[in-house]
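To start, the structure under review is shown below, and the notes come after it.
The values are calculated or read from the model by the stated rules, or taken from the named source; none is laboratory data. Everything numeric in this text was worked out from a predicted model, so none of it was measured. Quick reminder, even Gly has a Cβ in these numbers, built from the backbone with ideal geometry, and neighbours come from all protein chains shown. What goes into the accessible areas is simple: the full protein's heavy atoms, side chains included, and nothing from ligands, DNA or RNA. Shrake-Rupley method; radii C 1.70, N 1.55, O 1.52, S 1.80 Å.
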Amino acid sequence: MTARHRWTGAAAAGLLLGVLVGVPSGAVQATPPSWGAPGVGDPLFPTLGNGGFDVTHYDLTMRYDAASRTVAARTRVAARATQELTRFDLDFDGNTVTGVRVGGAAARWSRDGDELVVTPPRPVHRGAPFAVTVTYAADPRAAHDCAPLNAPTTSGWLPTPDGFVVAGQPSCARSVFPGSDHPSDKATYTFRLTAPRALTAVANGTLVSRRTTGDDTTWTYVEAAPMATELAQLAVGEYTVVTQRGPGGVVQRDVLPTTLADELRPDLSVTTGQLAWLGDRLGRYPFGEYGILAAPAEFHFALETQTLTLVSAGMLRFTPRPYWAPVLAHELAHQWFGDLVSPARWSDVWLNEGHATYYEAAYADSAGYASFTDRMRTAYRNGDSWRAQYGAPAAPRADDLFNDDVYDGGALVLYALHEKVGAATFQRIERAWLARYANGSAGTAQFVTLASQVAGRDLGGFLHAWLYGTTTPPMPGHPDWTS
Ligand code: ARG
Ligand code: ZN
C-alpha cells in the first residue's frame, strides 16, 4: 500500500532501472523489457521489498497437517503497478513453490536467492491493479537462508510441539509468505487457516469466521489496518483463547497454551492496566484487539506482532514479574511505535526500539520495579562505548540491528529531547508523530523535522549529534552526567 508518507526509494529505483534499460518514462509499451527492482533500496537490506509495485492486500491461505507437521499454502498478493512491468520480483525464501499465477493465468517464474522472479503472461501496465497467487508447501522446521536475530531458527517459522508461530522481524517474513518484505510497503491482510479441529489457529486482527467441516476447522482473520510484513503473526497449536473487554472498548485477546491457561491467565491481567497507562500518554490504542500469544517454545525475545504480541510461555513462567511486566509494556508500546508508525528503512529501527524502551522504563518506574532515571544514567555512562561498538543509535549495522545503543541508546536520545524541550512539548511531539504518520512509515529525518516544528525551534543540530555522533553529547539539565 502506498502509505501517505512512505519512503519513495522504490519509485526512484524503478525509475532508475527504467532509464537504464531504455524505457521512455511515461510510455506504456510491452518491449523493451521493464523490470521491477529487486529491492526498495534500503541500504542495510538491499533486496527487501520490491520496486515497480505497491502491495495493497495479502490473502494467506494455509492448511496445517498435524501428521506431517507441514503446511500447504497459497498466498495471493494484490498490488498496484507503479511502472510498466514485464517482470517483477517477490521476496520469498525457501519452501517448495508449485505454481505462480498472475491475474488468473499461469506465469513463468524462477528463483534467484531470496527473490521469486515472476514473468506475467502479459505485461502489467503502470497504475494497474494486479494479483499474484503463489502456491507452495512449507515445513516450519526446515532451515532457510534468513537469519532472524536472537531466534533459534533460520527462518520466520518457529515450530512448536503442536504447530508453529511466526517471527519475521526484520527480514524473515519472506520465509513464511511471498510479498514485499519491507516495512515501507504496508498492506491489509486476510488469513484463512485450516487445522485439525482439536487445534486452534490465530492471526493478527479480528476473527471473522470459524467453520468446522469434518475433522478440520477453518479460521478466518482480517487485519484491516495496514501492517508491515515483519509484523504478521499466524499460529496453530493447542491454545485456549481468553477474551475480555479492555479500556476504551479494545478487545483483549490472549492466546495461551491450553495446559498452562489457568497458570498464565492471572498474570496477563496486567495488560488492562498497561493499555490504560500507555493510552494516557500516547492516545487511544490504535487497533481493535490486543493480546499476548504465549508460545510453548524456547526463544529469548518478544515480538510486537500487530495486535498479538509473541512471547515465550517460559518468559512468563520462569522470570520474575519485575522482568516480564516491563517487557509486556515494551511490546505494547511497539503497537504505536513500530506497528502504527513503521520505520521507513531499517536504520530507523531506533524509532521502534528507543520509544518502546523509553516507555518500558517509564512503566517499570511507575510500577515500582526500577528507577527510570537510573536506567537513563546507566545508558549515558555506556554511551561512548556503545557508539564505538555498535555505531550511533540511528546508524546500526544490518547484522546487529537490535543492539543496546538502539534500545537504551535510542531511549536516551528521547530522554535528551525530553530534557531539552520539557515534558509538555515532548508529549506533543510524540502525539504529533503518531497522528501524522499513523498507518504509514516514517524515518529519522521526518522525526527530526516534526520535533522541530512542534517545539517551534530548530532541533536538527541537537538531535543529529545525539543520533549520529561518535560520542555522547552533554545531557541537558544534567551537567554532572559523564559518559
Ligand atoms: N522488536 C523486538 C523487541 O521487542 C526485538 C526482537 C529481536 N529479535 C528478532 N528476531 N527480531 O525488542
Ligand atoms: Zn522492542
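What to note about this one:
- Dipole magnitude of the chain, debye to nearest 20 (Cβ charges: Lys/Arg +1, Asp/Glu -1, about Cα centre): 1320 debye
- For region 85-118 and region 209-261, distance of Cα centres in Å: 30 Å
- Highest average first, the peptides 253-264, 292-303 ordered by how many other beta carbon atoms sit within 10 Å of their residues are 292-303, 253-264.
- Computed from the C-beta positions of residue 318 and residue 67 and an R0 of 35 Å, the FRET efficiency is 0.65 to the nearest 0.05.
- For the pair residue 137 and residue 215, label points projected 7 Å from Cα toward Cβ lie 1.8 nm apart.
- Nearest-0.05 FRET efficiency for residue 272 and residue 427, computed from C-beta distance (R0 30 Å): 0.85
- Remark on residue 472: its backbone amide H falls under 5 Å from those of 384, a criterion applied only to residues 5 or more positions apart or on other chains, H modelled at 1.01 Å from N.
- Distance from region 305-380 to region 438-472 (C-alpha centre basis), Å: 21 Å
- In this Cβ point-charge picture (+1 for Lys and Arg, -1 for Asp and Glu), region 73-166 has a dipole of about 560 debye about its Cα centre.
- Residue 280-residue 222 FRET efficiency (beta carbon distance; Förster radius 35 Å; 0.05 resolution): 0.75
- Under the combined filter of DSSP loop state and at most 13 neighbouring Cβ atoms within 10 Å, region 408-474 retains these trypsin sites (Lys or Arg not before Pro): 457.
- Residues whose placed amide H lies under 5 Å from that of residue 308, excluding near-sequence neighbours: 291
- The chain - share of DSSP beta bridges that are antiparallel (%, nearest 5): 80 percent
- Shown in residue order for region 420-436 are the 3J(HN,Hα) couplings computed by the Karplus curve 6.51 cos²θ - 1.76 cosθ + 1.60 at θ = phi - 60°: 6, 9, x, 4, 5, 5, 4, 5, 5, 5, 4, 5, 5, 4, 5, 6, 6 Hz (x for Gly and Pro).
- Percent carbon-and-sulfur accessible area, the chain, ignoring ligands, DNA and RNA, probe 1.4 Å: 53 percent
- Accessible surface for region 150-281, divided over its residues, is 33 Å² per residue with a 1.4 Å probe.
- Looking at region 414-483, the chymotrypsin sites (Phe, Trp or Tyr not before Pro) that sit in a DSSP loop and have at most 16 other Cβ atoms within 10 Å of their own Cβ are 481.
- Per residue, the accessible area of region 413-481 comes to 42 Å², computed with a 1.4 Å probe over protein heavy atoms only.
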